[in-house]
Amino acid sequence: MNLENRLIRYADLKPCTNAFIDTRSPGSDKKENFTLIGPGVAENPNQHVHISIPHGFNIGGARQPAGCLNSQHSHLTEEVFVIHQGTWAFLSGVNADDGKIVLTEGDIISIPMDIFRGFENVGEELGYLHAVLGGDDPGRVLWAPQVFDLAKKYGLILLEDGSLVDSTLGETVPEGKKQMPVTSAQQIAEHRVVNSEAMEDIVQRSNTFAWAKNSCLAKFDGIEEVALVGPPNAAEDLPAAPLDRLHGFVVRGLRLHPNAAIPAHIRYEEEVIFVHQGQLEIDVDGETLVLGKGDTFTTPIEANRSFKQVGDDECILYVTRRNDTPKAPKFI
Ligand SMILES: [Fe+2]
């Protein structure tokens, strides 16, 4: 097996800078969108998909310079963000004025489908969000009405099939295709109003993570694990995560102190490893890779895997697995 085909190095990420309808709108025109494990929700069919193997969820990324905004929208499936780099404000409400919460590196937010959301890099540096969207096909984005107006002003038209027409390139709406109707008052009314205080219920700050020492992985020296998204799961010896709604996937945090290792085991679901901090040496069926900060790797189902912390820093991983209650790992 060629493990490189299942690895996306942070340095090799291929962005799409015109994935969405708000791509020309001032304040949003510098955002880069990534589809790591596809197909994502991009409105540009030319969006590069790094790995197209179906996982039951999508892995994406958003990179934005300071001050850059991703416009208000909602989705048909769950949307989870891990703050990998920078300081970000998440804004709720169709007009971005219902609520606001500011998150920093390592924090996680899971935004229910019935909340309009947008997010802005409010730090001084370039910021990066690691994203998980539910389902193999997360469907289309529902944009707030003002996003359509701004896009039109800058020459972009969204079609019903989710694609974009760029009138500044001389493109016109193709025969037989229809423009996406502007989001209606009724569609807006199907969303909840969530204030800043209530937004605390959909986040987990990394300085309050309940790192456990007694999960099936954390029983090894120098390993801690925390349930971040998902219901209780006896098979993993993990309690309910604070974000315990059913997502169709779970997210776990894994911390490996210097020289800590997790011996060879098998899993029965897709397992995507995102390296938030440090370096991880991973052995899969006898092949070895070293993952660094910002790298993403998807481990083949039923492959024999072992992990080891390498390098100077302790290693912090965010791991996404298919299903609400994944099976226990089988140690070899
Ligand atoms: Fe989104």
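Where a number appears in this text, it was derived from the coordinates with a stated rule and is not lab data. Just so it is clear, the structure is predicted and the values come from calculations on it, not from any experiment. Cβ atoms come from the backbone with ideal geometry, glycine included; neighbour counts cover every protein chain shown.
Judged by the ratio a/c of the largest to the smallest principal axis of the C-alpha gyration tensor, the stretch 39-156 counts as rounded, that ratio being less than 1.5. Under 5 Å between amide hydrogens, built in the peptide plane, is the criterion, and for SER92 it picks out ASP98, GLY99, LYS100 among residues at least 5 positions away or on other chains. Here the Karplus curve 6.51 cos²θ - 1.76 cosθ + 1.60, taken at θ = phi - 60°, turns the phi angles of the stretch 223-229 into couplings of 10, 10, 9, 9, 7, 9, 9 Hz, with x standing for Gly and Pro. Here the chain is scanned for trypsin sites (Lys or Arg not before Pro) in DSSP loops (not H, G, I, E, B) that have at most 11 other Cβ atoms within 10 Å, and the longest stretch holding none of them is 1-177. With the simple spin-label model, which puts each label point 7 Å out from Cα in the Cβ direction, the LEU76 to ASN259 separation comes to 5.3 nm.
A Cα-only calculation for the chain places Rg and Dmax at 20.0, 64 Å. For the pair ILE188 and ASP324, how long in nm is the line joining their label points, each one 7 Å along Cα→Cβ? It works out to 3.3 nm between the two label points. Across the stretch 230-332, the convex hull enclosing all Cα atoms gives 93 Å³ per residue.
Kirkwood hydrodynamic radius of the stretch 130-238, from the reciprocal of the average inverse Cα-Cα distance over all distinct pairs: 18.7 Å. Dipole size of the stretch 1-107 about its Cα centre, with +1 on Lys/Arg Cβ and -1 on Asp/Glu Cβ: approximately 300 debye, rounded to the nearest 20. Counting only Cβ charges, +1 for Lys and Arg and -1 for Asp and Glu, the dipole size of the chain around its Cα centre is about 140 debye. Taking Cβ atoms as reference points and 10 Å as the exclusive limit, the residues near GLU271 contribute a net charge of +3, counting Lys and Arg as +1 and Asp and Glu as -1. Which residues does the label zone of ASP137 cover in the stretch 174-190, counting backbone N under 20 Å from a point 7 Å along Cα→Cβ? Label zone hits: 177-181. The modelled label-to-label distance between ASN214 and ARG9, using points 7 Å beyond Cα along the C-beta direction, is 4.3 nm.
Across the options HIS75, VAL49, TYR10, the greatest Cα extent toward the positive end of the charge dipole of the stretch 1-100 (unit charges at beta carbon of Lys, Arg, Asp, Glu) belongs to TYR10. Here the extension length gained between LYS152 and TYR268 equals 37.1 nm, from 0.36 nm per residue of separation less the Cα-Cα distance.
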